[in-house]
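Down below is the structure, laid out as structure tokens.
The values are calculated or read from the model by the stated rules, or taken from the named source; none is laboratory data. Just so it is clear, the structure is predicted and the values come from calculations on it, not from any experiment. Backbone-built Cβ (ideal geometry, glycine too); neighbour counts: all protein chains shown. The protein model used for the area step is the full one, side chains on, heavy atoms only, and it has no ligands, DNA or RNA in it. Shrake-Rupley method; radii C 1.70, N 1.55, O 1.52, S 1.80 Å.
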Amino acid sequence: ADRSARFIQLHVGDSAAERDAAAAGLMASPATISPKHFYDGLGSRLFEAITELPEYYATRTEAAIFETHGPAIAEAIGSGATLVDLGAGNCEKALRLFPLLEPRRYVAVDISAEFLRHALQRVAHEHPAVDVVGIGLDLTEPLALPEGLAGERPVFFYPGSSIGNFTPDAAVELLRGVRKQASGGGLLVGVDLVKPAALLNAAYDDALGVTAAFNLNALRNLNRLLASDFDPADWRHVAFFDAAASRVEMHLEARRELTVRCPGIARRFAAGERIHTENSCKYTPESFAALLGRAGFGKPRQWTDAQGWFGVFWAPA
Ligand code: AVI
């Protein structure tokens, strides 16, 4: 018989605090929009499209690492754990691990609750032996899973280099929280590695303009949250690798002088002025192992592709 997925909403979006934070980012100099505002239903679908772009190597390179080293990774981790999928999206990556890890329970966490709910219906239908639980949560909020949910041997799964969207200090903070809840288990995490700037620049500024649409969609989401009047047509997508900071930065640049208005706020932008929307930090195998150490994890195992473009780390808690 089918089992249905349970769903728990831990963080409710559109709260007053979220609006205040978004308004403060808009008024800041330089202005900022948190990358969490990319991911409404459309944004999640645009991100799925990004992962299929020829320029965006990350998703397929990570998948190839799991394909090649799956058995070794499974041997390091063991089977029958609770798989806690951080930023589950369409759950596809975790589903590929099911035959290797044979989890008892699958806990999928994502900010885009509706998108996740939809994906989990399929997971529960296709894997009736697995206890499937969805959690609607913004990972910029402290991660506190309901008591007992992670089980005795929690395996946290954080693929896709989403950890790169936090600054290193914020990443350590997030991973410390994960480690505390992963006791008896550990963290399986995918990390994008430093590579030639031309490859990185193309990956974040693709020829079809899908990444540009993904970036601009944050303005629609902000309009919904703040009742602001951003017109995406006034803004240009900008993305570049900053080698000194070891990160790709995404920005939206005003095509002309303009003023964005919402209740109680008028923010003037000069032509060419930018809103910083995302950092995507790139690590070396050594710098990421050091970051895991700062978060309190034990010595990690790591696997990479032949070109050394992407790394998968298993860090015992
Ligand atoms: C989700 N995250 C890991 C993506 C990245 O590569 O930083 C988001 C993204 N931004 C632009 N393209 C993809």
message: If you fit an axis through the alpha-carbon atoms of helix 57-77 and take the longest principal axis of the Cα set of the chain, what angle between them do you get, 0 to 90°, nearest 10?
response: 20
query: For Ala16 and Glu114 in one chain, what is 0.36 nm times their gap in residues minus the Cα-Cα distance, to one decimal in nm?
result: 33.2 nm
task: Taking a cut-off of 16 Å between Cα atoms, list the aspartates and glutamates near Lys36, but don't count ones fewer than 8 places away on the same chain.
output: Asp14, Glu18, Asp20, Glu48, Asp110, Glu114, Asp138, Glu141, Glu249, Glu278
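Report the relative contact order of the chain, percent, no decimals, based on alpha-carbon pairs under 8 angstrom and at least 6 residues apart.
Rounded, it is 22 percent for the chain.
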task: May I ask for the angle, rounded to the nearest 10°, between helix 285-294 and the longest principal axis of the chain, with both axes built from Cα atoms and the value confined to 0 to 90°?
output: 80
- request: Quickly rank 38-47, 261-270, 169-178, 20-29 as a protection proxy: mean count of other C-beta atoms within 10 Å, highest first.
  value: 38-47, 169-178, 20-29, 261-270
Counted charge near Ala203, where neighbours are those whose Cβ lies closer than 14 Å (Asp, Glu -1; Lys, Arg +1): -4
task: Working from Cα positions, state the angle (0 to 90°, nearest 10) between the long axis of helix 210-226 and the longest principal axis of the chain.
output: 80
task: Sort the following peptides by mean Cβ neighbour count (other Cβ atoms within 10 Å, averaged over residues), highest first: 207-215, 193-201.
output: 207-215, 193-201
- prompt: All other residues with a Cβ under 11 Å from the Cβ of Tyr158 taken together, and with Lys, Arg as +1 and Asp, Glu as -1, what is their net charge?
  reply: 0
task: Report in % the part of the accessible area of the chain that belongs to carbon and sulfur, leaving out ligands and nucleic acids; probe 1.4 Å.
output: 53
message: Counting only other residues whose beta carbon sits under 9 Å from that of Thr61, what net charge do I get with K and R as +1, D and E as -1?
response: -2
task: Over the chain, give the accessible area per residue in Å² for a 1.4 Å probe, as an integer.
output: 44
field: Highest-first arrangement of 181-192, 271-282, where packing means the average Cβ count within 10 Å
entry: 181-192, 271-282
- request: First obtain the Kirkwood hydrodynamic radius of the stretch 145-270 from its Cα pairs, then insert it into the Stokes-Einstein equation at 25 °C and 0.890 mPa s, and state the resulting D in µm² per second as a whole number.
  value: 139
- prompt: Under the definition of Cα pairs under 8 Å and six or more residues apart, what whole-number percent is the relative contact order of the stretch 167-243?
  reply: 28
- request: Enumerate the calculated ³J(HN,Hα) couplings along the stretch 259-270 in order (Karplus 6.51 cos²θ - 1.76 cosθ + 1.60, θ = phi - 60°), each rounded to whole Hz, writing x wherever the residue is Gly or Pro.
  value: 10, 9, 10, 8, x, x, 9, 9, 10, 7, 10, 6
